[in-house]
Amino acid sequence: MRSSKPVLLVEDDDVDAMTITRAVDDLEIAGPLARVTDGEEALKYLRSRGNEKPCIIFLDLNMPRMNGAEFLKVVKADDTLKRVPIIVLTASKEQCDIVSSFDLCVAGYIVKPVDYERFVQALKTIDLYWTLSELPNGRW
Amino acid sequence: MRNSKPVLLVEDDGVDAMTVRRAFKDLKILNPLAHSANGEEALAYLADPSNEKPCVILLDLNMPKMNGAEFLKVAKADADLRKIPVIVLTTSREEYDIVRSFELSVAGYIVKPVDYRNFVEAIRTIDLYWTLSELPEQEVGVKDAKFKASVVG
């Protein structure tokens with residue numbers, strides 16, 4: 001990524017979170033990876049003053065308590081949080097999930113590849129794009 | 001890109017528009033490139049039902065008549081248009097422009113590389129990412145399919 005700020009991973013599945021952490025480490029692509037397990041925890045993380053704001057958010061959709069779409073609705077209505085690019089990283093290929101995510105202005109929707117090598121390839125592309133792209137670094 | 005819909009380029013500079021067109025050709029990107037010279041023209045293009053809706057929009061910021069930020073405000077307040085990812089392609093590195101664009105929910109902000117080879121690399125990366133990412137199928141397409149099905153049925 002262009003920034004050395006943390007990447008916030010919102011993912012309830014431990015195995016998926018481990019795979020992402022491993023791929024990020026293998027590729028040495030990002031600053032620290034902060035992980036929370038649902039939308040509610042993610043909001044708590046983002047609103048806590050002690051935490052550095054992330055440069056980007058990787059968001060799962062199917063999660064307990066507050067799911068990805070509910071989280072997106074809250075974040076995109078918040079004047080300070082709405083500027084963080086959010087990339088959906090999910091197992092769902094459902095057109096209704098894709099449409100409702102883009103309706104909430106996500107900056108990418110990537111279906112998690114099952115195979116690890118392809119997963120690493122996908123993260124490499126995400127990293128390439130978000131290194132090319134500027135990111136908002138303004139004060140919060 | 002992931003689908004074969006057009007890419008809409010909103011750019012007032014003729015030379016820059018030609019450079020994007022040339023990069024698409026060199027990279028063998030199959031999506032047709034539609035070009036509007038400012039935000040107002042882009043909105044007219046998007047409102048015309050005879051034009052296929054683009055899969056992504058590449059948006060310059062500094063343009064006469066209606067600039068990029070003004071276009072974003074209108075597009076992101078529209079229930080149909082807001083779904084189309086907009087990638088800013090500009091010469092401005094101003095933090096103000098970057099923050100305001102992300103506040104208006106852009107899906108990328110790329111400073112145009114001056115050198116043509118780097119410019120092609122940037123377009124290649126954009127194409128790669130938006131091939132990996134899913135894209136929303138416009139509801140127009142769904143209606144079309146239903147219409148076709150009813151005609152066939």
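The values are calculated or read from the model by the stated rules, or taken from the named source; none is laboratory data. All values reported here derive from a predicted model rather than from experimental measurement. Neighbour counts run over all protein chains shown; Cβ positions are idealised from the backbone, glycine included.
Annotations
- Test result for A:Phe58, aromatic (Phe, Trp, Tyr) and under 16 Å from A:Val7 (Cβ atoms): yes
- Counting the residues of region B:51-93 that are in a loop (DSSP other than H, G, I, E, B), at the interface with another protein chain (Cβ under 10 Å from one of its Cβ atoms), charged (D, E, K, R) and under 16 Å from B:Tyr109 (Cβ atoms) gives 1.
- Take the conditions (1) at positive phi; (2) within 14 Å of chain B (Cβ to nearest Cβ); A:Arg65 misses just one of them, which is (2).
- Check on B:Ala34, closer than 27 Å to A:Thr125 by Cβ, touching a Phe, Trp or Tyr at 6+ places or on another chain (Cβ under 9 Å), buried (at least 19 other Cβ atoms within 10 Å of the Cβ) and free of Cβ contacts under 8 Å to residues at least 60 places away in the same chain: no
- Filter result for B:Asp80 (among the charged types (D, E, K, R) and out of contact with any helix residue (DSSP H, G or I) (no Cβ under 8 Å at 6 or more places or on another chain)): no
- Some residue of region A:70-78 being in contact with a Leu (Cβ under 6 Å, 6 or more places away or on another chain), surrounded by 19 or more Cβ atoms within 10 Å (Cβ to Cβ), among the aliphatic types (A, V, I, L, M) and at pLDDT 95 or above: yes
- Counting only helices (runs of 4 or more DSSP H) that sit completely within region A:1-104, those holding 1 or more residues that are touching a residue at least 60 places away in the same chain (Cβ under 8 Å) and in contact with a strand residue (DSSP E or B) (Cβ under 6 Å, 6 or more places away or on another chain) correspond to A:14-27.
- Residue within region B:113-122 that is buried (at least 18 other Cβ atoms within 10 Å of the Cβ), at the interface with chain A (Cβ under 9 Å from one of its Cβ atoms) and outside any loop (DSSP other than H, G, I, E, B) present: yes
- Unique match (being touching a residue at least 60 places away in the same chain (Cβ under 8 Å), surrounded by 14 or more Cβ atoms within 10 Å (Cβ to Cβ) and not small (Gly, Ala, Ser)) among B:Val88, B:Val10: B:Val10
- Some residue of region A:74-86 being closer than 28 Å to B:Val74 by Cβ and acidic (Asp, Glu): yes
- Every test in (1) free of Cβ contacts under 8 Å to residues at least 60 places away in the same chain; (2) closer than 20 Å to B:Ser133 by Cβ is passed by B:Asn51 save one, and that test is (2).
- A:Asp97 being over 20 Å from B:Ile126 (Cα atoms) and buried (at least 18 other Cβ atoms within 10 Å of the Cβ): yes
- Members of region A:105-140 that are outside any helix (DSSP H, G or I), more than 9 Å from chain B (Cβ to nearest Cβ) and within 15 Å of the chain's Cα centre (by Cα): A:Lys112
- Filter result for B:Ile98 (buried (at least 20 other Cβ atoms within 10 Å of the Cβ), within 9 Å of chain A (Cβ to nearest Cβ), at pLDDT 95 or above and touching an Asp or Glu at 6+ places or on another chain (Cβ under 7 Å)): yes
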